[in-house]
1. Of the options A:Ser95, A:Ala71, A:Gly181, report the single residue whose Cα projects farthest towards the positive end of the charge dipole of chain A (beta-carbon charges: Lys, Arg +1; Asp, Glu -1).
2. So for each of B:179-187, B:227-235, B:257-265 I average, over its residues, the number of other beta carbons within 10 Å; can you give me the resulting order with the highest mean first?
3. Run the numbers for B:Leu131 and B:Asp173: contour at 0.36 nm per residue of separation, minus the present Cα-Cα distance, in nm.
4. What number, rounded to the nearest 500 deg cm²/dmol, is the helix-based mean residue ellipticity at 222 nm of the protein assembly as shown, given -39500 (n - 2.57) per DSSP H run of at least four residues and division by all its residues?
5. State, to one decimal in nm, how far the label point of B:Thr109 lies from the label point of B:Phe271, with both points 7 Å from Cα in the Cβ direction.
6. Charges only on Cβ, +1 for Lys and Arg, -1 for Asp and Glu: so what's the dipole of region B:252-354 about the Cα centre, in debye to the nearest 20?
7. Return the long-range amide H neighbours of A:Leu263 (sequence gap of 5 or more, or a different chain), with a cut-off of under 5 Å between placed amide H atoms.
8. Treating the beta-carbon of each Lys and Arg as +1 and of each Asp and Glu as -1, no other charges, what is the dipole magnitude of chain B about its Cα centre, to the nearest 20 debye?
Amino acid sequence: MNSYARKSLRRTLLASLALMILIGCSSKSDNGAMKGDNGGDGTSKPIIGFVQTGSEGDWRKAHTESVREAAEEAGFELRFADGQAKQENQIKALSSFVAQGVDGIILAPLVETGWDNVLEKAKKRNIPVLILDRQVEVKDDSLYVTYIGADTYNEGRLAAEWLIEKTGGKAKVVELQGTPGASPTINRYNGFRDVIADHSGIEIIASQSGDFRRSKGKEVMEAFLKKHGDDIEVVYAHNDDMAIGAIQAIEDAGKKPGDDIILVSIDGVRAAFEAMVEGKLNCTVECNPLQGPMAFDAMKKILAGDIGDMPKKQMIKDRVYDRDSAKEVIDSRKY
Amino acid sequence: MSDASPNSTDRQSGNSKSALTRFFGSRITWPVLGLAVVLLFNAIFIPSFFTLEVRDGQLYGSLIDVLNRGSIGVILAMGMTLVIATGGVDLSVGSVMAISGAIAALILTETQLGMLGIVPCVLFAALAAGLMNGVLVAYLKIQPIIATLILMVSGRGIAKFITGEKIITVGDDSYNFYFDFIGKGHLFGLPFTVTLFVTLFAVTSLFVRMTSLGLFIESVGANETASRASGIHDKGVKIAVYVFAAFCAVIAGLIDASNINAADTMNAGVFTELDAIFAVVVGGTALTGGRFSLTGSLIGAMLLQTLMTTLYTYGVPSDVAPVPKSLVIVAVCLLQSPVFRGQLQRLAGKGGGR
């Protein structure tokens, strides 16, 4: 196992070297171009490396844009690396950023574990790392400066609390889970259950994964409707896309989504707001992707050495929207 | 419609053998038995599975769901069967599905052309995708798994480029009756998708069995050089089957996009190529090429969908759901293997005191 680890380490190093050369080349030409623009005044912006998970959908796109815009506003130069849904890509990108000697790194990790080695490298070279969106699990807390993200556990709790208020604490619920094993799935599953544990009237009669996908959400909901029929009073979906799929399945079964069956979901993407205005979705708990400004506020402080009172965990406040508040804010939604 | 199955049964086992041997030697026996076992399980544990009622003049029930949701699998399996029969494999069908859905959503939301715009565009996309795969395989002699992997990877990128990395929703303002009908319409009291896949199956079966095309395909798969020597345009046959597979994929893509009223390029058709290969293999067509059975693939695809719907309905926790699914597939594949069956027979023979 050791030799394997060493071999894979060597491979990682080699790959990161190759990547480094590539990125080095391209960034050199970038710099050249920028110098031309600035007229060569010589002021250098601090460079931040940003390791993103990939491009999974609308939410992630808004997340990336937010980081990019915030970097520009804060006057940083952003180097962007896309993990394309693979942790190894993210690790490679991270170590190449370390090798380039950037001023700071923002990491949006795909998974929680396996970051110790590469974060140690960053620490040795005194490059501060900020964890964004999802959490990491490392042995030594000092490997990263702070974590900023949405509290997916709390989102599950908020959804349950809204539901209890709406139904008076009595409902039969079917749950559409996200991808098995993903941290939002686990947290939204636990958060919801921890709240309803005190309310025996709320009963989860079926729970299946819809993979965070519209078509799967619809397919699973169809099966639920066949099995439980009129018993279903509430659908709790771990994201909006599955709720939208479920809405279609409910309509196909000749029922009115939003009235015959209450739907509550999480994320707050634009399509969910549209569905709420149409009266087909009852509630969505926003999971705010616009994390860029908060991240760069923190990064500024970190680079200024002002981290004395910085908490290890900074949560972005989530809001709950129902049909009424959806009408008011739908025009101001960016994503 | 079923003329393919008795044909292949006759060819595989000689006429001299007993009816029983022929029954167990037939390729489609085992997927049919697998399907029967799953349905029996449902009959015992989920009686509501077989409930059919009429709602708004249409049949409604789990079995209808199986047929409706299974349509994509069946359609993809038709194309995949012919590709596999030539000794190839097409990994790009899932991505082609995503491209087709993206094109349809874009035309509906950005233009007034409706289906008149969609049909030629997706047909062109199918032709382009099929030609690319076919030429790479037939003329440049690239291994099919790699040649089609290229489009599998890049195709999703192309689809995302078309939609601008967003989910394009086909809303009320871009509603199109015909497009909506593909995935959600009903004909003869059944979902329209059923009519679609039955028609495709019937036409394909007739076409490959009534003409010599089926024989050409099998011959190219069995021995490329020999078939070239006997005057078959093997490269043309190969390109034709990849174009057909892409054609099936764009139809499946339209069904998928119409079903959810959106082009979800990130998720549309993910892993469907593997399900299609599963269906074909479970249906008794060997990956090495040669003889194929469209009926077998149809039943294989239906078996997969019945399994999925059963797992949802029975309430198997989603993290372990793939396990029972693969157990059934492994069982069917094992029973199809002549070696495994031979050993079983030997064991049974020993038990009989031989």
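Any read-out appearing in this document is the output of simple, stated calculations on the displayed coordinates, not a laboratory observation. As the structure is a computational prediction, the values presented were derived from the model and not from experiment. All Cβ positions, glycine included, derive from the backbone under ideal geometry; neighbour counts span all protein chains shown.
1. So the residue furthest toward the plus end is A:Ser95.
2. Per-residue mean Cβ counts within 10 Å order the peptides as B:257-265, B:179-187, B:227-235.
3. Here the segment from B:Leu131 to B:Asp173 would lengthen by 11.6 nm.
4. Per the formula, -19500 deg cm²/dmol.
5. Between B:Thr109 and B:Phe271, the label points sit 2.6 nm apart.
6. It comes to approximately 900 debye.
7. Residues meeting the criterion, in which the H sits 1.01 Å from N, are A:Val235, A:Gly258, A:Asn282, A:Cys283.
8. Here chain B has a charge dipole of around 1600 debye.
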